[in-house]
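Data first, discussion second: the structure below is written as structure tokens.
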């Protein structure tokens, strides 16, 4: 059943708002010339409050969330979002404070920002943190801008960045945004970066290397220290995309591996909710010598007071108005305070345990292109099912019929038909076993009854959506 | 640990299934000199109750619009948020859901965003909107880069009356790629269009104006439209307070080519400056250069109406370094909140709300005009914000009023050194006539 658009429910004169009914003394046309005034907001909806509530409630019932079920999306870390974090973010001082209010009135929030920065520096093994970037990609841009600023200050911005072929698309896109060309480095057949490959590509005109650890195949970059030395020896810097930090908390720290710049994703590793596409938060951590380039302001402690420090003359400026996604920082702070050091370490251990368990149980049924031990995620392909005409896409759609959100598909690009599975630590062994049962059932269907997979999904609110048509016949808004 | 379901039995059995002896074995392939032996130095964990108590203390020591009478604006506006907005956005199917890459299980979020895109287009009177950007400032930066790509020109002209933080973000994003020039103001507090006329030429990709501008006045958009387009450049408009569009003629009607804005005032709290919501809309001709995600309407296999993300060939996961932007996660939940808010307010509500705000602003101005020592440097028609010049230091005034639990506005010296004696005052419907009276009494 279709859910009409809110505009289709609109009826002239219907009201969903409540505003003071006082008679106003100012007539708009007395203060503002007619030519600047608006006559009408054409086609804007007019609906009752119940209309709105029912409409969006129906929409929510056509959607899947972590609270609904398992979300094995590789590189997304769809772990449970603690409810206490929501309550925390709604506390008055957090929700209703204004970024421009005097610092002496904002000690609580400034302290939270300061402490969270310290926690992240400790977890990543680096020295200074900016919480300003609003998402991982913006964190990458910020980190790469810092790297560029570092090189510019030395007299040569350099021209390009080395990026492995397993990188997330935001990595080259962020580099490009900084004015850098991208040179791809191939990973080995073992799925990791080799120092020789980096050595061959690294010159004094290359600003640095962007890598992810563990990488998007779920593999620890075992040569990272050597690779970092190669980059450093030619005056470059090492950027680490920290999207996969859920595998390493309390176990290993990028800062100890030669990494100079690292961005975190609070909406992944640190449990803040994904919201259907944000808000996120992408803090950037740097080694001491790069602190001077970070966006302003930083929160510093002066005696017992927390202060906004704008005195960074080499700062790259700002990437966002004000200080960052504070509402998201509150949730991440609450999570870290709830877990403590041993809790975070245990979370990473169990995240890896869950991924290794899935890998082991799915191995007999699906092709595993890289057989090195995985960390928090594992990547399969559709090689075994392709012979019957069943692709990764088809299997993803069929998984929905079993009540699961599909894993990440067709990424990383080095694997044809990639199926990237990241269970996270908040899933129980029973959930994993149910997922494995469903995957085994699909593998069997691929052999015996492929048609049911090719025509999937069957049990969702809509059947397979025609994405080609969407791009060919663009309808990007409602028209009356 | 209530978020970690594994029992000792689970761990033992799962390790056995893998053929590992202990949890440490799972990391044995990591070179030991890269592993951290000592535990992370973090404070001991807190129980749920202790955590809430600690956070309440931090929150309690932070002033907010319920504990203080505040006249702060400057790109972040405290409006009343109807209860239904929180009720809907806290539904876990929205809150805990992922980006809707798998449309069959994400029709809820996709349709909500499609409605949001439509509402943004209606509010701005533009052709097409994206699914959101991070905030008004970064949206403005992406608009400038987009204009550079479309026009293949490198000069961008910004008004000094464009929010200072927006200008700072634009410069960071455009570093090394665009030549940013700024034009100043007239005596009335409006962008100097004569200057603009002289500066805008065939090397200009775009001109960026904010209206109402940072100081409050509504810009001369009809004239700006003519000047910008005569130079063959794109007209980019920024709307920091979209509630103003309940009353003011929308940017699209002035032939804006790209419109960006801050959507936080549309149903989301001020939250110490973030998260925000980057509104972004453009003309059909430019849709393929627009950054960000876009939801499109299509059909499923059975011909039922359905929605999905579309035109992904602009985006990073497909085009990588050739993408229009690097943006991935955006502000989906705030886009949802704004769709709910605007649906509740509707065309009548938004109009009435902006009339109330105008009325309260005029009331405050009238009262302030009676206070000696205060003057009003800018007299062009405005909506909800205005500048007051004073004999005493605005910073000292702010400090003095703290004990009365009033924040009178933002001293402008931090952004405009030549305006050290000025205060930016903003009014919303949450400033009651009593609040206004209290401010005036305190300024007497």
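The values are calculated or read from the model by the stated rules, or taken from the named source; none is laboratory data. Every value quoted in this text rests on a predicted model; they were computed, and no experiment measured them. Note: ideal-geometry Cβ built from the backbone for every residue, glycine included; neighbour counts use all protein chains shown.
In the set A:108, A:65, A:93, A:74, only one residue is crowded, with 21+ Cβ neighbours inside 10 Å and touching a strand residue (DSSP E or B) at 6+ places or on another chain (Cβ under 8 Å); that residue is A:74.
Looking only at residues in the range B:266-289 that are in contact with a helix residue (DSSP H, G or I) (Cβ under 7 Å, 6 or more places away or on another chain) and away from every other protein chain (no Cβ under 11 Å), which one is nearest to residue B:323 (Cα to Cα)?
Among those residues, the one meeting the criterion is B:289.
One residue stands out in the range B:358-367 among those that are under 22 Å from residue B:243 (Cβ atoms) and touching a residue at least 12 places away in the same chain (Cβ under 8 Å): the one that is surrounded by the fewest Cβ atoms within 10 Å (Cβ to Cβ), namely B:365. The combined condition, being in contact with a helix residue (DSSP H, G or I) (Cβ under 9 Å, 6 or more places away or on another chain), outside any loop (DSSP other than H, G, I, E, B), at the interface with chain B (Cβ under 7 Å from one of its Cβ atoms) and closer than 30 Å to residue A:12 by Cα, is fulfilled by residue A:56. Residue-level check: of (1) more than 7 Å from chain B (Cβ to nearest Cβ); (2) in a loop (DSSP other than H, G, I, E, B); (3) over 19 Å from the mean Cα position of the chain (by Cα), residue A:179 misses just (1).
Against the conditions (1) more than 23 Å from residue A:157 (Cβ to Cβ); (2) modelled with pLDDT of 95 or more, residue A:260 satisfies every one except (1). Among the numbered criteria (1) farther than 21 Å from residue A:245 by Cβ; (2) without any contact (Cβ under 8 Å) to a residue 24 or more places away in the chain, which single criterion is violated by residue A:149? Condition not satisfied by residue A:149: (2). With respect to the conditions (1) at pLDDT below 95; (2) closer than 14 Å to residue B:130 by Cα, residue B:281 falls short on a single one, namely (1).
For the range B:100-129, the tally of residues that are closer than 30 Å to residue A:84 by Cβ and either under 20 Å from the mean Cα position of the chain (by Cα) or more than 7 Å from chain A (Cβ to nearest Cβ) (or both) stands at 5.
The strands (runs of 3 or more DSSP E) falling completely within the range B:111-215 that include 1 or more residues that are in contact (Cβ under 8 Å) with a residue 40 or more places away in the chain map to B:155-159, B:204-210. The single residue among B:265, B:291 that is surrounded by 18 or more Cβ atoms within 10 Å (Cβ to Cβ) and over 27 Å from residue B:346 (Cα atoms) turns out to be B:291. Only strands (runs of 3 or more DSSP E) whose full extent lies in the range A:209-314 are considered here, and the ones with at least 1 residues that are more than 30 Å from residue A:105 (Cα to Cα), in contact with a helix residue (DSSP H, G or I) (Cβ under 9 Å, 6 or more places away or on another chain) and free of Cβ contacts under 8 Å to residues at least 60 places away in the same chain are A:237-241.
Residue-by-condition table, conditions (1) touching a strand residue (DSSP E or B) at 6+ places or on another chain (Cβ under 8 Å); (2) within 9 Å of chain A (Cβ to nearest Cβ); (3) at pLDDT below 95:
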| residue | (1), (2), (3) |
| --- | --- |
| B:357 | no, no, no |
| B:375 | yes, no, no |
| B:378 | yes, no, no |
| B:381 | yes, yes, no |
| B:392 | no, no, yes |
| B:411 | yes, no, no |
| B:429 | no, yes, no |
| B:433 | no, yes, no |
| B:438 | yes, no, no |
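Inspection of the range B:82-99 identifies at least one residue that is touching a residue at least 40 places away in the same chain (Cβ under 8 Å) and either touching a strand residue (DSSP E or B) at 6+ places or on another chain (Cβ under 7 Å) or surrounded by fewer than 14 Cβ atoms within 10 Å (Cβ to Cβ) (or both). Number of residues in the range A:412-438 that are within 9 Å of chain B (Cβ to nearest Cβ) and touching a helix residue (DSSP H, G or I) at 6+ places or on another chain (Cβ under 7 Å) equals 4. Filtering the range A:27-39 to residues that are within 7 Å of chain B (Cβ to nearest Cβ), closer than 14 Å to residue B:246 by Cβ and in a loop (DSSP other than H, G, I, E, B) leaves A:32, A:38. Within the range A:439-472, the residues that satisfy the criterion of being in a loop (DSSP other than H, G, I, E, B) and either under 14 Å from residue B:107 (Cα atoms) or in contact with a helix residue (DSSP H, G or I) (Cβ under 8 Å, 6 or more places away or on another chain) (or both) are A:456, A:457, A:458, A:459, A:460, A:461, A:462, A:463, A:464, A:466. Exactly one residue among A:82, A:4, A:102 is touching a strand residue (DSSP E or B) at 6+ places or on another chain (Cβ under 9 Å) and at pLDDT 95 or above, and that residue is A:102.
The conditions of being more than 7 Å from every other protein chain (Cβ to nearest Cβ) and buried (at least 24 other Cβ atoms within 10 Å of the Cβ) are not met by residue B:63. The condition (being in contact with a strand residue (DSSP E or B) (Cβ under 6 Å, 6 or more places away or on another chain) and surrounded by 24 or more Cβ atoms within 10 Å (Cβ to Cβ)) is satisfied by just one residue among A:418, A:470, A:456: A:470.
Does residue B:422 fit the bill of being over 20 Å from residue A:105 (Cα atoms) and crowded, with 21+ Cβ neighbours inside 10 Å? Yes, satisfied. Among the candidates B:364, B:342, B:333, B:353, the residue that is outside any loop (DSSP other than H, G, I, E, B), more than 7 Å from every other protein chain (Cβ to nearest Cβ) and within 20 Å of the chain's Cα centre (by Cα) is uniquely B:342.
Against the test of being farther than 23 Å from residue A:278 by Cβ, more than 7 Å from chain B (Cβ to nearest Cβ), surrounded by fewer than 24 Cβ atoms within 10 Å (Cβ to Cβ) and touching a strand residue (DSSP E or B) at 6+ places or on another chain (Cβ under 9 Å), the options A:362, A:358 yield a single qualifying residue, A:362.
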